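What follows draws every value from the coordinates through simple rules; no lab data is involved. Bear in mind that the values here come from a model prediction, so they are computed numbers and not experimental data. Ideal geometry is used to build each Cβ from the backbone, glycine not excepted, and the neighbour counts take in all protein chains shown.
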Amino acid sequence: MKKCLPFKNISFAFIVLFSTLFAEPIPEAKTSIDVQTIFGPLKLQDELLKIYNLEHMQRLKGIDQSGSPAYWNGIPKFNRLDHSLDVLWLVQNFGGALQEQISALTHDISHTVFSHVADVFFGIENYQDTIHEWFLQQTKIAEVIQGHDWTEKDIMPDKPGFTRLEQSLPDMCADRIAYNLHTGLVFKMITEKDIKFIANNLRFEEGKWFFVSKLAAKKFAKLPLHFTEHFWGSADHMVVYFITSKILKRAFLLQRVTQHDMNFGTDLQVLEKLKACDDEEVTRLIAKAHYPKTAYHLLEDGEGTPDFVPKPKFRGIDPWVFNKHSKKFKRLSELDEKFAAEYKRLQEFCKKGYKIQLDLAASKNQSDIS
């Protein structure tokens, strides 16, 4: 028996060696990844990669930029995670420090299901901003930023020093630049080539975003004017938001949708709950949301009594343009009379609003809510 032991040891060693040679290597954790933006590739590593991989950030893949109209009104979709990466690209490529980059990546993390529908539901404009710090505290982001001696308050988007990320209208900012260009791309109003041209003529210096080309400025600035009137501020859009708010309030009353669902769920998760809701009013309103033009009538002055009078938010941008010869900055409206006239017209349109009379009764041909 003792003579056999060396052979057993050799056999065992051979098996271990053989299995080591042919075993699958243990994959190493990725230290960086490349993601795509409308401006080109973006490398995420270290803190940015850790934040990108947080569950609450990944949730933004399921939150559409435009809210419920993307599901019920058949408009083109893109999600808030993609938008956040676009914003990060701008802040990073135009010199923003890590703290502002983190704020850029997470600036939309607190958006609820259906995005700005929450503004109508809760009656608070930009509702997500009011809960942003609290929402950051619900994530594990503190573990990522603690090495910098920061708290959630230090990466809030409205921090005064984050001038690349946020500025007041009519000025440009990374957030505003990104969502206008991405919306323009998915609506096929501009091309990837247009975006490259606009980005190449875009500058950020001494706290100011500006263009070095009037043509690039005008190509960009026409987008928010168009979408203010024909998309974000359109009657269809406003009515679908209004109807969605009524649906959610009814679903809350019936305890089919909760506050937790709104804050931490995704659009599709809540949509499935609404579709499964065996309530006649919810079913009828969803059908109306699918065909918004059958749900309302625009009233002329002096005609009837409106159910509500929406006044769209004016999202017009009047960008700075730098003239390399005169070395002076001027607003696009100072350089282009046609743009200035359209800009002023849209301002008046939003200030006045329009009158809507609703018709939310069931229609025979609107029973399909799939």
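Observations on the model:
- Each residue of segment 107-124 was assigned a 3J(HN,Hα) from its phi angle through the Karplus expression (A = 6.51, B = -1.76, C = 1.60, θ = phi - 60°), giving 5, 10, 4, 8, 4, 7, 3, 6, 6, 6, 4, 4, 4, 6, 4, 8, x, 10 Hz with x at Gly and Pro.
- Grouping the Cα pair distances of segment 192-302 into 10 Å bins from zero gives a pair-distance distribution of 12, 28, 21, 20, 17, 3 percent in increasing distance order.
- Projecting the Cα positions of 39, 98, 117 onto the charge dipole of segment 34-234 (unit charges on Cβ atoms of Lys, Arg, Asp and Glu, taken about the Cα centre) puts 39 furthest along the positive direction.
- Share of alpha-carbon pairs per 5 Å distance bin for segment 34-234, given as whole %: 1, 7, 15, 21, 21, 17, 11, 5, 1, 0
- Rounded to the nearest 20 debye, the dipole magnitude of segment 34-234 is 880 debye, with +1 charges on Lys and Arg beta carbons, -1 on Asp and Glu beta carbons, and the Cα centre as origin.
- Listed by Cβ neighbour count within 10 Å, with the fewest neighbours leading, 305, 228, 163, 151 appear as 305, 151, 163, 228.
- For the residues 177, 141, 124, a GNM of the chain with alpha-carbon springs under 10 Å puts the largest fluctuation on 124.
- About its Cα centre, the dipole of segment 56-119 is roughly 180 debye, where the only charges are +1 on Lys and Arg Cβ and -1 on Asp and Glu Cβ.
- Only helices enter this figure: runs of n ≥ 4 DSSP H residues, each worth -39500 (n - 2.57), summed and divided by the residues of the chain, yield -14000 deg cm²/dmol at 222 nm to the nearest 500.
- When both segment 25-85 and segment 311-358 are represented by their alpha-carbon centers, they are found 31 Å apart.
- Computed about its Cα centre, the charge dipole of the chain is approximately 940 debye, with only Lys, Arg, Asp and Glu carrying charge at their Cβ.
- Counted charge near residue 267, where neighbours are those whose Cβ lies closer than 13 Å (Asp, Glu -1; Lys, Arg +1): +3
- Local electrostatic count at residue 110 - Lys and Arg +1, Asp and Glu -1, tallied over other residues with Cβ under 12 Å: -2
- Note on the chain: with a GNM built from Cα contacts shorter than 10 Å, the maximum mean-square fluctuation among 107, 116, 297 falls on 297.
- Label-point separation, residue 337 to residue 186 (7 Å along Cα→Cβ), nm: 3.9
- Farthest toward positive dipole pole in segment 146-292 [+1 Lys/Arg, -1 Asp/Glu at C-beta], among 156, 186, 254: 186
- Nearest 10 degrees, 0 to 90: helix 337-352 Cα axis against the chain principal axis: 90
- Computed from Cα atoms, the angle from the helix 214-227 axis to the main principal axis of the chain rounds to 80 degrees.
- Percentage of interatomic Cα-Cα distances in segment 162-245 larger than 18 Å: 48
- Counted by Cβ distance under 12 Å from residue 67, the other residues give a net charge of -1, where Lys and Arg count +1 and Asp and Glu count -1.
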